[in-house]
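The values are calculated or read from the model by the stated rules, or taken from the named source; none is laboratory data. What you see is a predicted model, and the numbers here were worked out from it, not measured in a lab. Reconstructed Cβ throughout: ideal geometry from the backbone, glycine too, with neighbour counts over all protein chains shown. Side chains are part of the model used for accessible areas, which takes the heavy atoms of the whole protein and leaves out ligands, DNA and RNA. Shrake-Rupley method; radii C 1.70, N 1.55, O 1.52, S 1.80 Å.
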Amino acid sequence: MDQWIKFGLIAAVIVAISDLFRKYLVGKMDPALTVLIPLSIAGPIAIIILLTTSYKGEIKKIETKDLCLLGIIGLMVPIGHYIITKTIQGVHNPGYAKTIISLNVLISSIASLYIFKDAKLNKYTACGILLVLGGTYLITNKA
(Lines give C-alpha, C1' and ligand atoms only; values in the text may rest on other atoms or scores of the structure.)
Protein backbone atom coordinates (compact mmCIF):
# COMPACT_ATOMS: atom_id res chain seq x y z
CA MET A 1 0.00 0.00 0.00
CA ASP A 2 1.36 3.41 -0.96
CA GLN A 3 2.35 5.78 1.83
CA TRP A 4 -0.16 8.43 0.76
CA ILE A 5 -3.00 5.91 1.03
CA LYS A 6 -1.95 5.00 4.58
CA PHE A 7 -1.83 8.67 5.57
CA GLY A 8 -5.20 9.21 3.90
CA LEU A 9 -6.81 6.39 5.86
CA ILE A 10 -5.36 7.68 9.13
CA ALA A 11 -6.63 11.18 8.29
CA ALA A 12 -10.08 9.75 7.50
CA VAL A 13 -10.26 8.10 10.91
CA ILE A 14 -9.10 11.26 12.71
CA VAL A 15 -11.59 13.43 10.82
CA ALA A 16 -14.42 10.96 11.48
CA ILE A 17 -13.67 10.89 15.21
CA SER A 18 -13.54 14.69 15.29
CA ASP A 19 -16.86 14.88 13.44
CA LEU A 20 -18.53 12.52 15.91
CA PHE A 21 -17.21 14.57 18.84
CA ARG A 22 -18.39 17.75 17.08
CA LYS A 23 -21.89 16.32 16.53
CA TYR A 24 -22.11 15.43 20.22
CA LEU A 25 -20.86 18.86 21.33
CA VAL A 26 -23.10 21.00 19.11
CA GLY A 27 -26.06 19.56 20.97
CA LYS A 28 -24.66 21.07 24.17
CA MET A 29 -22.99 24.34 23.17
CA ASP A 30 -22.69 27.07 20.57
CA PRO A 31 -21.07 25.73 17.38
CA ALA A 32 -18.62 28.64 17.40
CA LEU A 33 -17.13 27.31 20.64
CA THR A 34 -16.62 23.87 19.10
CA VAL A 35 -14.49 25.57 16.46
CA LEU A 36 -12.71 28.31 18.41
CA ILE A 37 -11.60 26.29 21.45
CA PRO A 38 -9.80 23.56 19.45
CA LEU A 39 -8.23 26.20 17.18
CA SER A 40 -7.04 28.17 20.22
CA ILE A 41 -5.25 25.01 21.36
CA ALA A 42 -3.85 24.19 17.92
CA GLY A 43 -2.58 27.73 17.29
CA PRO A 44 -0.08 27.93 20.16
CA ILE A 45 1.11 24.39 19.44
CA ALA A 46 1.76 25.36 15.83
CA ILE A 47 3.64 28.51 16.89
CA ILE A 48 5.82 26.53 19.31
CA ILE A 49 6.69 24.00 16.60
CA LEU A 50 7.43 26.73 14.05
CA LEU A 51 9.69 28.65 16.43
CA THR A 52 11.59 25.73 17.97
CA THR A 53 12.44 23.67 14.89
CA SER A 54 14.25 24.15 11.60
CA TYR A 55 11.01 25.55 10.20
CA LYS A 56 11.97 28.88 11.77
CA GLY A 57 14.66 29.35 9.13
CA GLU A 58 12.48 27.98 6.34
CA ILE A 59 9.80 30.59 6.97
CA LYS A 60 12.22 33.35 6.01
CA LYS A 61 12.70 31.73 2.59
CA ILE A 62 9.00 31.72 1.70
CA GLU A 63 8.06 34.16 -1.07
CA THR A 64 5.64 36.98 -0.22
CA LYS A 65 2.99 35.65 -2.62
CA ASP A 66 3.17 32.23 -0.99
CA LEU A 67 2.93 33.77 2.49
CA CYS A 68 -0.22 35.56 1.36
CA LEU A 69 -1.69 32.25 0.16
CA LEU A 70 -0.82 30.65 3.52
CA GLY A 71 -2.53 33.58 5.24
CA ILE A 72 -5.65 33.09 3.15
CA ILE A 73 -5.67 29.39 4.06
CA GLY A 74 -5.30 30.39 7.71
CA LEU A 75 -8.33 32.66 7.44
CA MET A 76 -10.33 29.96 5.69
CA VAL A 77 -9.69 27.29 8.35
CA PRO A 78 -11.92 28.71 11.11
CA ILE A 79 -14.60 29.73 8.62
CA GLY A 80 -14.57 26.28 7.05
CA HIS A 81 -14.69 24.52 10.41
CA TYR A 82 -17.59 26.69 11.52
CA ILE A 83 -19.57 25.96 8.35
CA ILE A 84 -18.81 22.23 8.68
CA THR A 85 -19.98 22.35 12.29
CA LYS A 86 -23.23 24.10 11.32
CA THR A 87 -23.77 21.49 8.61
CA ILE A 88 -23.24 18.64 11.07
CA GLN A 89 -25.50 20.34 13.61
CA GLY A 90 -28.39 20.45 11.17
CA VAL A 91 -28.57 16.74 10.36
CA HIS A 92 -29.25 13.62 12.42
CA ASN A 93 -26.27 11.70 11.02
CA PRO A 94 -22.96 13.59 10.59
CA GLY A 95 -22.03 11.19 7.81
CA TYR A 96 -24.74 12.71 5.64
CA ALA A 97 -23.33 16.18 6.10
CA LYS A 98 -19.81 14.99 5.43
CA THR A 99 -21.00 13.34 2.21
CA ILE A 100 -21.84 16.75 0.80
CA ILE A 101 -18.74 18.36 2.30
CA SER A 102 -16.62 15.61 0.75
CA LEU A 103 -17.59 16.86 -2.67
CA ASN A 104 -14.47 18.98 -2.17
CA VAL A 105 -12.64 15.97 -3.63
CA LEU A 106 -14.49 16.41 -6.91
CA ILE A 107 -14.03 20.16 -6.90
CA SER A 108 -10.29 19.74 -6.28
CA SER A 109 -9.96 17.07 -8.96
CA ILE A 110 -11.71 19.10 -11.62
CA ALA A 111 -10.05 22.41 -10.68
CA SER A 112 -6.65 20.70 -10.71
CA LEU A 113 -7.08 19.94 -14.41
CA TYR A 114 -7.06 23.68 -15.07
CA ILE A 115 -4.54 24.76 -12.42
CA PHE A 116 -1.82 22.10 -12.50
CA LYS A 117 -0.13 21.01 -15.72
CA ASP A 118 0.57 17.46 -14.55
CA ALA A 119 -3.01 16.73 -13.38
CA LYS A 120 -4.76 14.12 -15.48
CA LEU A 121 -8.25 12.69 -15.73
CA ASN A 122 -8.76 9.18 -17.07
CA LYS A 123 -11.85 7.08 -17.66
CA TYR A 124 -11.60 5.52 -14.19
CA THR A 125 -11.43 8.91 -12.50
CA ALA A 126 -14.36 10.15 -14.56
CA CYS A 127 -16.35 7.04 -13.66
CA GLY A 128 -15.45 7.55 -9.98
CA ILE A 129 -16.64 11.14 -10.15
CA LEU A 130 -19.98 10.02 -11.55
CA LEU A 131 -20.30 7.35 -8.86
CA VAL A 132 -19.54 9.90 -6.14
CA LEU A 133 -22.13 12.30 -7.53
CA GLY A 134 -24.71 9.50 -7.74
CA GLY A 135 -23.90 8.28 -4.23
CA THR A 136 -24.10 11.79 -2.82
CA TYR A 137 -27.48 12.26 -4.46
CA LEU A 138 -28.78 8.98 -3.04
CA ILE A 139 -27.50 9.69 0.47
CA THR A 140 -28.72 13.27 0.67
CA ASN A 141 -32.04 13.03 -1.17
CA LYS A 142 -33.19 9.57 -0.17
CA ALA A 143 -32.23 9.77 3.52
Taking segment 110-143 as the search range and keeping residues that are more than 27 Å from Ile17 (Cβ to Cβ) and either of a type in the set (Lys, Arg) or touching a strand residue (DSSP E or B) at 6+ places or on another chain (Cβ under 6 Å) (or both), which one is least open to solvent (accessible area, probe 1.4 Å)? Lys123
If Asp118 satisfies every condition in (1) assigned to a loop (DSSP other than H, G, I, E, B); (2) touching a Leu at 6+ places or on another chain (Cβ under 9 Å) but one, which is the exception? (2)
Unique residue being open to solvent by 80 Å² or more (accessible area, probe 1.4 Å), out of contact with any Pro (no Cβ under 8 Å at 6 or more places or on another chain) and at pLDDT 95 or above when the list is Ile79, Ile47: Ile79
Listed residues Ile73, Ile62; which is hydrophobic (A, V, I, L, M, F, W, C) and under 16 Å from the mean Cα position of the chain (by Cα)? Ile73
Would you mind telling me which numbered condition in (1) surrounded by fewer than 10 Cβ atoms within 10 Å (Cβ to Cβ); (2) within 18 Å of Thr99 (Cα to Cα); (3) among the hydrophobic types (A, V, I, L, M, F, W, C) Met1 fails? (2)
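Taking Ala42, is it modelled with pLDDT of 95 or more, open to solvent by less than 80 Å² (accessible area, probe 1.4 Å) and either more than 25 Å from Ile101 (Cβ to Cβ) or in a helix (DSSP H, G or I) (or both)? Full working, then the answer.
Values: modelled with pLDDT of 95 or more: yes; open to solvent by less than 80 Å² (accessible area, probe 1.4 Å): yes; either more than 25 Å from Ile101 (Cβ to Cβ) or in a helix (DSSP H, G or I) (or both): yes.
Here the answer is yes, as Ala42 does meet what is asked.
Taking the stated definitions as given, is Lys98 in contact with a Pro (Cβ under 7 Å, 6 or more places away or on another chain) and either small (Gly, Ala, Ser) or in contact (Cβ under 8 Å) with a residue 24 or more places away in the chain (or both)? Let's see the steps before the verdict.
On the way: in contact with a Pro (Cβ under 7 Å, 6 or more places away or on another chain): no; either small (Gly, Ala, Ser) or in contact (Cβ under 8 Å) with a residue 24 or more places away in the chain (or both): yes.
So Lys98 fails the test.
Within segment 15-35, restricting attention to residues that are open to solvent by 100 Å² or more (accessible area, probe 1.4 Å) and under 17 Å from the mean Cα position of the chain (by Cα), which residue is nearest to Asn93 (Cα to Cα)? It would help to see each step written out before you state the result.
First pass over segment 15-35, keeping only residues open to solvent by 100 Å² or more (accessible area, probe 1.4 Å): 20-21, 24, 28.
In the following step, the residues that additionally are under 17 Å from the mean Cα position of the chain (by Cα) were identified as 20-21.
Values: Leu20: 9, Phe21: 12 Å.
Only one residue tops the list, namely Leu20.
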Evaluate the following for Ile107: is it without any contact (Cβ under 8 Å) to a residue 12 or more places away in the chain, under 22 Å from Ala16 (Cα atoms) and in a helix (DSSP H, G or I)? yes
With the condition kept exactly as written, say whether any residue in segment 56-68 is in a helix (DSSP H, G or I), within 25 Å of Thr136 (Cβ to Cβ) and open to solvent by 100 Å² or more (accessible area, probe 1.4 Å). no
